[in-house]
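*Asks:* For reference, the structure I am asking about is given below.
The values are calculated or read from the model by the stated rules, or taken from the named source; none is laboratory data. Everything numeric in this text was worked out from a predicted model, so none of it was measured. Positions of Cβ are generated from backbone atoms using ideal geometry, with glycine treated the same way; all protein chains shown enter the neighbour counts.
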Amino acid sequence: MGKTGALPKSQKLRLIENDNKDRKTLPVPKPNAPKRPLCPRWLDSEGQKEWRRVAPELYRMGLLTELDVNALANYCRTTTLYKQTQLFLQENGLVDDKGTKRPEVGVGQEAAKESRQWGKLFGLSPACRMRLEMPEPNTDEVSEFEALLDE
């Protein structure tokens, strides 16, 4: 049969709660931080620029891992498509010579919608960041609190 009673507390929790009476203090193991994912080669140059703009900060905040590469790449792709359609429409206008709306208007609107949806996953707007449960940031620096715990 299994053990009964309360589950044992982790070393970190005991340190936080100052519950280390008569116990040898063991160092708290730190998990290995995942490596920052590389930009996919299939993104065009503008998409790669967007990746380089947002990926370092998302990684630092703990929101980017290898599992998130395709989601972030799709954000970068749709953002680039939106920018390209807006530049085209600025040069050529919203309507063609016949007075009908250009198809690029719809493409741009759809790209903006998709970009917003992908961006929500990473908290790329202030409202979305408020709703996200942020993991611990990936940083090699030791905070003051961690330094106290390590003593």
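*Asks:* Hey, any hits in the range 70-92 for a residue that's in a loop (DSSP other than H, G, I, E, B) and of a type outside the set (Gly, Ala, Ser)? Give the steps one after another, and end with the answer.
*Replies:* Taking the range 70-92 and keeping what is in a loop (DSSP other than H, G, I, E, B), we get none.
There is no residue in the range 70-92 that is in a loop (DSSP other than H, G, I, E, B) and of a type outside the set (Gly, Ala, Ser).
*Asks:* Let me ask something else about it. Restricting to the range 100-151, count the residues that are modelled with pLDDT of 90 or more and small (Gly, Ala, Ser).
*Replies:* Adding up the residues that qualify gives 6.
*Asks:* Out of everything in the range 63-93 that is of a type in the set (Gly, Ala, Ser) and over 14 Å from PRO103 (Cα atoms), what residue ends up being nearest to the chain's Cα centre (by Cα)? First the steps, then the outcome.
*Replies:* Keep residues of the range 63-93 that are of a type in the set (Gly, Ala, Ser), which gives 71, 73, 93.
Imposing the further condition that a residue be over 14 Å from PRO103 (Cα atoms) reduces the set to 71, 73.
Details: ALA71: 9, ALA73: 11 Å.
In this case the residue turns out to be ALA71.
*Asks:* Which residues, counting only those in the range 48-93, are aliphatic (A, V, I, L, M), closer than 14 Å to GLY123 by Cα and crowded, with 16+ Cβ neighbours inside 10 Å?
*Replies:* Let us first name the residues in the range 48-93 that are aliphatic (A, V, I, L, M), namely 54-55, 58, 61, 63-64, 67, 69, 71-73, 81, 87, 89.
This time we only want the ones that are closer than 14 Å to GLY123 by Cα, so: 54-55, 58, 61, 63-64, 71-72.
VAL54, ALA55, LEU58, MET61, LEU63, LEU64, LEU72, listed by residue number.
*Asks:* For the list (1) touching a Ser or Thr at 6+ places or on another chain (Cβ under 9 Å); (2) without any contact (Cβ under 8 Å) to a residue 12 or more places away in the chain, I need the number of the one condition that PRO34 fails.
*Replies:* (2)
*Asks:* Considering only the range 97-108, state which residues are more than 20 Å from ASP44 (Cα to Cα) and surrounded by 12 or more Cβ atoms within 10 Å (Cβ to Cβ).
*Replies:* If we filter the range 97-108 for residues that are more than 20 Å from ASP44 (Cα to Cα), which is where we start, we get 97-103, 105-106.
Within the range 97-108, ARG102, VAL105 qualify.
For every residue, the table says whether it meets (1) of a type in the set (S, T, N, Q); (2) free of Cβ contacts under 8 Å to residues at least 12 places away in the same chain; (3) closer than 20 Å to ARG129 by Cα.
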| position | (1), (2), (3) |
| --- | --- |
| GLU57 | no, yes, yes |
| LEU64 | no, no, yes |
| LEU72 | no, no, yes |
| ARG77 | no, no, no |
| GLN90 | yes, yes, no |
| GLY99 | no, yes, no |
| ALA111 | no, no, no |
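*Asks:* Let me ask something additional. Residues in the range 15-37: is at least one hydrophobic (A, V, I, L, M, F, W, C) and either within 30 Å of LEU121 (Cβ to Cβ) or at pLDDT 95 or above (or both)? It would help to see each step written out before you state the result.
*Replies:* To start, the set of residues in the range 15-37 that are hydrophobic (A, V, I, L, M, F, W, C) comprises 15-16, 26, 28, 33.
Filter once more, so that each one left must be either within 30 Å of LEU121 (Cβ to Cβ) or at pLDDT 95 or above (or both): 33.
Yes, there is a match, as at least one residue in the range 15-37 is hydrophobic (A, V, I, L, M, F, W, C) and either within 30 Å of LEU121 (Cβ to Cβ) or at pLDDT 95 or above (or both).
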